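Q: One structure, as structure tokens, below. Some questions next.
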Amino acid sequence: MLHRGNVGLEVPAESAGQPKIVISGVAKVYVDPRTGAEVEALCPVNLSIRAGEFVCIVGPSGCGKTTLLNCIAGLVAPTAGEILVDGRPIGGPGRNRGMVFQEYGLFPWLTVEGNIQFGPKMRGTPLRELVAVSARYAKLVGLSGWEHRFPSELSGGMKQRVGIARALANQPDVLLMDEPFGALDAMTRDRMQDELLGILRADRKTCVFVTHSIPEAVFLADRIVVMTARPGRIKGLFGVPIPHRRDRASPEFAALYRTVDTLLRDEAVEDRA
């Protein structure tokens, strides 16, 4: 069975069984602390995400992409609606959801090993296990041999690998990523995209990934969610039928890029109007 996104592109219907994440009628209104005025960040959003699925969210700046991601993380409470993970409502942050931020968010006084171990250490994991955890995830992200370096000694791409390893060390079911490669140069970004897919295949996770980059979304995602300008709602939902490893120069890649780009350009025109 197939269902259609708002733009008429057919995408595969979700497989039988309970989805990993269910977003039901989620809306968010912020209050400006200076004026008391209400700012509507999200219109009601409805979306289901399968276990093991990689979903990319794209949209104009300020459309509520990060707000939606923070709601899934439990860092922000929706004004309306609810989010379920494995059928249970989110009541706040939890170890079943790991967050990777654009600005790395590493502790500068801790080494690579210390940053990776931070979450398990806070849960009281014994020292011997901590060493094994940090060694495993340092190797997974290609940082074996760098465990005793500090963040100031690392490149941007290496810092982001530490951020990913730190999130994975908590063994979350869901990985939430907020423009994690946005500050990297183009060559490093492409390499990190390849490495992320390898990591997720080795350590199977459900991933929700926010990006401004259409090529990044087409390269990574199983499905792409396109959002409107604020207040954000889902404007289009696209399945990506191109098998991995994807060729960024292929006609199929270019065709899907043009479709998403056209939708976003149309949205920009409507927003200005």
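Q: Taking the Cβ of ALA41 as the centre, find all other residues whose Cβ is under 9 Å away and add up their charges (Lys, Arg: +1; Asp, Glu: -1).
A: Details: positive: LYS28, ARG230; negative: GLU40.
Charge balance in the 9 Å sphere: +1.
Q: In the neighborhood of ASP194, defined by Cβ-to-Cβ distances under 14 Å, what is the net charge if each Lys or Arg adds +1 and each Asp or Glu adds -1? Present the calculation step by step, with values, prior to reporting the outcome.
A: Details: positive: ARG161, ARG189, ARG191, ARG201, ARG245, ARG246, ARG248; negative: ASP190, GLU195, GLU216, ASP247.
Once all neighbours under 14 Å are counted, the net charge is +3.
Q: Take the Cα radius of gyration of region 127-181 and divide it by 2.2 N^0.38 Å, with N its residue count; two decimals is plenty.
A: 1.13
Q: What fraction of the Cα pairs in region 138-273, stated in percent, has a spacing above 21 angstrom? Don't skip to the answer; put the middle values down first.
A: Values: 4428 of 9180 pairs.
Here the long-distance tail beyond 21 Å is 48 percent of all Cα pairs in region 138-273.
Q: Moving on. Positive end of the dipole of the chain, charges at C-beta (+1 Lys, Arg; -1 Asp, Glu), about the Cα centre: which of THR206, TRP109, SER24 has its Cα farthest in that direction?
A: TRP109
Q: Which lysines have a Cα lying under 24 Å from the Cα of LYS205, excluding residues fewer than 8 positions away in the same chain?
A: Partners found: LYS20, LYS65, LYS121, LYS139, LYS159.
Q: Report ³J(HN,Hα) in whole Hz for each residue of region 242-258, in order, from the Karplus equation J = 6.51 cos²θ - 1.76 cosθ + 1.60 where θ = phi - 60°; Gly and Pro get x.
A: 7, x, 7, 7, 7, 8, 5, 9, 6, x, 5, 4, 5, 5, 5, 4, 4
Q: Additional query: Could you please state, rounded to a whole Å, how far the C-alpha centre of region 46-102 is from the C-alpha centre of region 149-166?
A: 24
Q: Whole-Hz ³J(HN,Hα) for each residue in region 201-214, computed from phi via Karplus 6.51 cos²θ - 1.76 cosθ + 1.60 with θ = phi - 60°, x for glycine and proline: what do you get?
A: Calculated HN-Hα couplings, in order: 5, 6, 10, 2, 9, 7, 10, 10, 10, 8, 8, 8, 9, 5 Hz.
Q: Return the long-range amide H neighbours of LYS235 (sequence gap of 5 or more, or a different chain), with a cut-off of under 5 Å between placed amide H atoms.
A: VAL226, MET227, THR228
Q: If you plug each phi of region 59-71 into the Karplus form 6.51 cos²θ - 1.76 cosθ + 1.60 with θ = phi - 60°, what whole-Hz ³J(HN,Hα) values come out, in order, with x for Gly and Pro?
A: Here the 3J(HN,Hα) series is x, x, 4, x, 8, x, 4, 5, 4, 5, 4, 5, 5 Hz.
Q: Would you mind working out the magnitude of the charge dipole of the chain relative to its Cα centre, with +1 at each Lys and Arg C-beta and -1 at each Asp and Glu C-beta, to the nearest 20 Debye? Write out the running numbers ahead of the final one.
A: Working: 33 positive and 30 negative charges, 129 e Å.
Result for the chain is approximately 620 debye, rounded to the nearest 20.
Q: Do you know the relative contact order of the chain, to the nearest whole percent, from alpha carbon pairs under 8 angstrom that are 6+ apart?
A: Working: 522 pairs, mean separation 69.3, N = 273.
Relative contact order for the chain comes out at 25 percent.
Quick note: the coordinates plus some simple rules give every number you see, no bench work behind them. It should be emphasised that the depicted structure is a prediction, and the values quoted were computed from it without experimental measurement. Positions of Cβ are backbone-derived with ideal geometry, glycine not excepted, and every protein chain shown enters the neighbour counts.
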